[in-house]
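These notes are about the structure you will find just below.
The values are calculated or read from the model by the stated rules, or taken from the named source; none is laboratory data. In this text, all values refer to a predicted model and were calculated from it rather than measured experimentally. Don't worry about glycine lacking a Cβ; one is built from the backbone with ideal geometry, like all the others, and counts go over all protein chains shown. Note: areas computed on protein heavy atoms with side chains; ligands, DNA, RNA excluded. Shrake-Rupley method; radii C 1.70, N 1.55, O 1.52, S 1.80 Å.
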Amino acid sequence: MLTFNFVLLHVADPVASVSFYSGLLGKPAIESEPQFAMLPLSDTVMLGLWLASDADPSRTGKPGASEISFDTADLPALQKLHDDWRARGLPILVEPVQMPFGHTFVAADPDGHRIRVVASNS
């Protein structure tokens, strides 16, 4: 049986990216080097940020071809997070909207990776 425990993004600057995600998620970096950085997304899942030019095999996909998704408690929490991220200057790709799976919005990180937030009780 496999255990999911890691998400890896290829980024232009791992140190800048870990600072971005640490500030956004309120989670401290546990590693921050010019070629690789890492922080926890949860108790069991880590986010790795690998210097794109060092990635092996080299990447072929483009940022935005996949998403990292987070749940939030409800619609007011989703709206508060959206407003906070907009105030921080994150590009908002999809404004809060009702979808078949709940209320959601999508932002982008500095490398163009999509970050989706879903209100789990909406």
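Which residues make up the longest stretch of the chain clear of chymotrypsin sites (Phe, Trp or Tyr not before Pro) that lie in a DSSP loop with no more than 13 other Cβ atoms within 10 Å, not counting the sites?
5-100
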Would you look at the GNM of the chain, springs on alpha carbons closer than 10 Å, and say which of G48, G23, G89 moves the most? G89
In whole Hz and in residue order, list the ³J(HN,Hα) couplings for the stretch 103-112 that follow from phi through the Karplus curve 6.51 cos²θ - 1.76 cosθ + 1.60, θ = phi - 60°; x for Gly and Pro. 6, 8, 8, 10, 10, 10, 8, x, 8, x
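Carbon and sulfur: what percent of the chain's accessible surface (1.4 Å probe)? Could the numbers behind the result be given before it?
Values: 3940 of 7010 Å².
Of the solvent-accessible surface of the chain, carbon and sulfur hold 56 percent.
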How far is helix 75-87 tilted off the main Cα axis of the chain, in degrees rounded to 10, range 0 to 90? 50 degrees
Given backbone amide H placed at 1.01 Å from N, residues whose amide H is under 5 Å from that of T72, ignoring those fewer than 5 places away on the same chain, are V118, A119, S120
S120 to A55: FRET efficiency via 1/(1 + (r/R0)^6), r the Cβ-Cβ distance, R0 41 Å, to the nearest 0.05? 0.80
The stretch 34-120: which trypsin sites (Lys or Arg not before Pro) are DSSP loop and have at most 12 other beta-carbon atoms within 10 angstrom? R88
Once you place label points 7 Å from the Cα toward the Cβ at F6 and A87, how far apart are they in nm? 3.7 nm
What is the calculated FRET efficiency for L75 to K27, with r their C-beta to C-beta distance and R₀ = 22 Å, to the nearest 0.05? 0.40
Give me, ordered by chain and number, the residues 5 or more places off E31 or on other chains with an amide H under 5 Å from its own placed amide H. M38
Please compute the per residue accessible area over the chain with all protein chains in place, 1.4 Å probe, rounded to a whole number of Å². 57 Å²
For M46, enumerate residues with amide H under 5 Å from its amide H, sequence gap 5+ or separate chain, H modeled in the peptide plane. F6, V7, L41
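Given 0.36 nm per residue, what is the gain on full extension from E67 to V94 after removing their alpha carbon distance, in nm?
Numbers: separation 27, 0.36 × 27 = 9.72 nm, distance 1.26 nm.
Separation in residues times 0.36 nm, less the Cα-Cα distance, equals 8.5 nm.
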